[in-house]
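> One structure coming up, written as structure tokens, with questions to follow.
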Amino acid sequence: MADADITLLARSNGLDHARLGLAIARKQLPRAVARNRIKRLARESFRQHQRELAGMDVIVMVRRGIGERSNSEIFTQLEALWRKLRKKLAPQPEQKLAKPCNE
């Protein structure tokens, strides 16, 4: 899952709880204050959604432009990405295949 500033990588972890990884590079956000702000927002947003993501490992990666976004914009972006991830992980209903006619 990705948008303009944030990429989420997800994989099943075989556990009954979700885990979060943060990859916030100094190259993308040179100032520690900015990196820590993004980490804090990502952790809080993940905490609110971790029950819905049980059994998943999720890594949050960011791009350079995220430093100019406000806290509310970042939080909204993360919310949208969690929704996309849940939708993708939701079990798909099995499609019934037509039985072949053996005549």
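Laboratory data are not the source of any read-out in this text; all were calculated from the coordinates shown. Not measured: the values here are computed from a predicted model. Methodologically, a virtual Cβ is constructed for each residue, glycine included, from the backbone with ideal geometry; neighbour enumeration extends over all protein chains shown.
> Yes or no: Asp16 within 21 Å of Leu85 (Cβ to Cβ), in contact with a helix residue (DSSP H, G or I) (Cβ under 7 Å, 6 or more places away or on another chain) and not aliphatic (A, V, I, L, M)? So that I can check it myself, show each step before the final result.
Working: within 21 Å of Leu85 (Cβ to Cβ): yes; in contact with a helix residue (DSSP H, G or I) (Cβ under 7 Å, 6 or more places away or on another chain): no; not aliphatic (A, V, I, L, M): yes.
Taking the combined requirement at face value, the residue does not satisfy it.
> Inspect segment 43-56 for any residue being under 10 Å from the mean Cα position of the chain (by Cα), in contact (Cβ under 8 Å) with a residue 40 or more places away in the chain and surrounded by fewer than 18 Cβ atoms within 10 Å (Cβ to Cβ) and give the result as yes or no.
No - not one qualifying residue is present in segment 43-56.
> Hey, another quick one. Would you please list the contacts, defined by Cβ atoms under 9 Å and residues six or more apart or on different chains, that run from a residue in segment 4-28 that is free of Cβ contacts under 8 Å to residues at least 40 places away in the same chain and among the polar types (S, T, N, Q) to a residue that is in a loop (DSSP other than H, G, I, E, B) and surrounded by 14 or more Cβ atoms within 10 Å (Cβ to Cβ)?
Gln28/Arg63
> Related question: Could you please give the count of residues in segment 19-51 that are within 19 Å of Asp3 (Cβ to Cβ) and part of a loop (DSSP other than H, G, I, E, B)?
4
> In contact (Cβ under 8 Å) with a residue 12 or more places away in the chain and over 15 Å from the mean Cα position of the chain (by Cα), is that true of Gln77? Show your work before the answer.
On the way: in contact (Cβ under 8 Å) with a residue 12 or more places away in the chain: yes; over 15 Å from the mean Cα position of the chain (by Cα): no.
Criteria not met by Gln77.
> Considering each residue of segment 57-91, count those that are surrounded by 13 or more Cβ atoms within 10 Å (Cβ to Cβ), of a type in the set (D, E, K, R) and within 18 Å of Arg11 (Cβ to Cβ), and give that number.
The number of residues fulfilling the criteria is 3.
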